[in-house]
1. Give the Cα extents of region 256-385 along the principal axes, in whole Å, largest first.
2. How far, in nm, would the chain grow between Asp389 and Val340 when pulled straight, counting 0.36 nm per residue and subtracting the alpha carbon separation?
3. Pairwise over distinct Cα atoms, reciprocal of the mean inverse distance: report the Kirkwood radius of region 1-43 in Å, one decimal place.
4. Semi-axes of the equivalent ellipsoid for region 161-203, please: Cα gyration tensor eigenvalues, times 5, square-rooted, ordered largest first, whole Å.
5. So what's the convex hull volume per residue for the Cα atoms of region 24-82, in Å³?
6. Given +1 on the Cβ of Lys and Arg, -1 on the Cβ of Asp and Glu, and no further charges, what dipole in debye does region 304-390 carry about its Cα centre, rounded to the nearest 20?
7. Could you point to the label whose value was computed as Rg and Dmax of the Cα atoms in Å for the structure here, given [x] 24.6, 101; [y] 22.8, 71; [z] 23.2, 84?
8. Counting only residues 5 or more places away or on other chains, whose amide H sits under 5 Å from the amide H of Leu91 once H atoms are built in the peptide plane?
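Please treat every number below as a calculation from the coordinates, not as lab data. Owing to the predicted nature of the structure, the values given are computational and were not obtained by experimental measurement. Cβ: placed from backbone, ideal geometry, glycine included. Neighbour counts: every protein chain shown.
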Amino acid sequence: MRNIQPIRAKCRTEVLTVDQVREIKAATLYVLEHVGVHFPSRRALSVFAAHGAGVDWDTGIVRLTPDLVVEAMSRAPRAYTLAGRSAGTGLLLDGTATYFGTDGCGTRTLDFETGQERRSCKADVASMARVADYLSSVSFYWPMVSAQDHGLLAPLHELDASFNNTVKHVQTETVMGGEPAGYAVRMAEVIAGDRERMRANPPMSVLICTIAPLGQDPEGIEAGMVYAEAGIPVGFMAMPNMGATAPAAPGGALVVGSAEVISALVLMQLVAPGAPVFYSLLGSVMDPRTAEYIVSIPEKFLCNAAAVQIAHDWGVPILAGAFGMDDDEPGTWRMGRDHVYTALMGPLAGADIVTGGGMLRASTLLAPEQIIYDDETYHIHRILAEGLDTRTDALALDVIESVGPRGHYLAQEHTRQHLRNIWIPELSHPRPPLDGSQLPDLRLRAKAELRRILAEHEPEPLEAAQKIELQAIMAAAARELE
């Protein structure tokens, strides 16, 4: 694949038994039927009512029978492709690989040149898209921060900056509302070539957050229906906070979050049967002493992995979470500790796509060089998950026989061929300076690598006609939406 190295895990882990998955599913169906989910959208309520759901028009609460839920979810495809705009960038979500992306959409940036914290802008989105285009750990690009220099049109400008600076698949989590979603669909059509090619190979997908507990965002739901009808893959992410917006127990948090996500996915299937959808659930914990939002905690790691099993039991792909921990500084000890769990447990559980690279402070702060640390962590985990090669050439019996007892393998052709295939972490094991000088510290080396990428890497540009079309769409959106 073009500058993309997914994780194809031979090692697999499960944090839930088959019976536990069944229990969570049964509890989810109970909540959907007897408690319900709030849908603040007249159109969504009409769709549900037309299909026999219990709709309270005064409160906006929708209750779904198990038969309706199971039948609707049976229409959702288990496998489909997230396309890029160049050959070799398609991501087939069929359970055989895990693809990582960046994280977003933060509002603050540590300026790469000054180190000072400031509001994020469109230039940050563009520069990090270029870096993501280069790094083989990144399979798809989330706009990592908000284009806050463009007001109400910031989400569309984030898409514009992304499409212009990476050939990889782009996923947005900010273009919400029916009308803005329509403009985003038109932008995706320009990238794909036309509506039918966009449906067959969507260059864009969308993540929409639910509102815990048991609620939906009105703009998100309106946008989701537009995307589903257009054939744009759309997923819903629940973020239950144990002790605050979810029960203070991982099992209860999984039930509440799953009810939120599944109810939204059911709506997408009722609006557009067979629409490509995906599931996402990221748990967290409320600190009982301060009421702060904690993401660096074992319960979150377990919920992330459990959500993979739950999604696949429903028969849909899943977006899991990784990286993006609580720290304010890149490369800290705590971040290194927690990234082991978030970035490794998702692939080992079999997640289809994973987001999170490059962000700090619970995914609200961009420190540009953090993505270099995360890239190295990713490749360590990729090698761990893929396991060992025991094919004939890897076992090297002929070489062992040739060298014999008390020999040396340095001069062997096998050594020359295979040693160069062993990935060496450049940050922790850099090439020593030939002049004997002292190496810069780790963070300076990470910054230097990021600076090199930005100076040397030029993503494949859009065609001139595509650029003109995108500019026209942005101008039309400015006239209508601002």
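1. 46, 39, 24
2. 15.4 nm
3. Kirkwood hydrodynamic radius for region 1-43: 14.6 Å.
4. Equivalent ellipsoid of region 161-203: 16, 14, 8 Å, largest first.
5. With only Cα atoms used, region 24-82 gives 113 Å³ per residue.
6. Charge dipole of region 304-390: 180 debye, to the nearest 20.
7. The calculated read-out lines up with [z].
8. Those lying under 5 Å, H to H, from Leu91 are Leu82, Ala83, Gly84.
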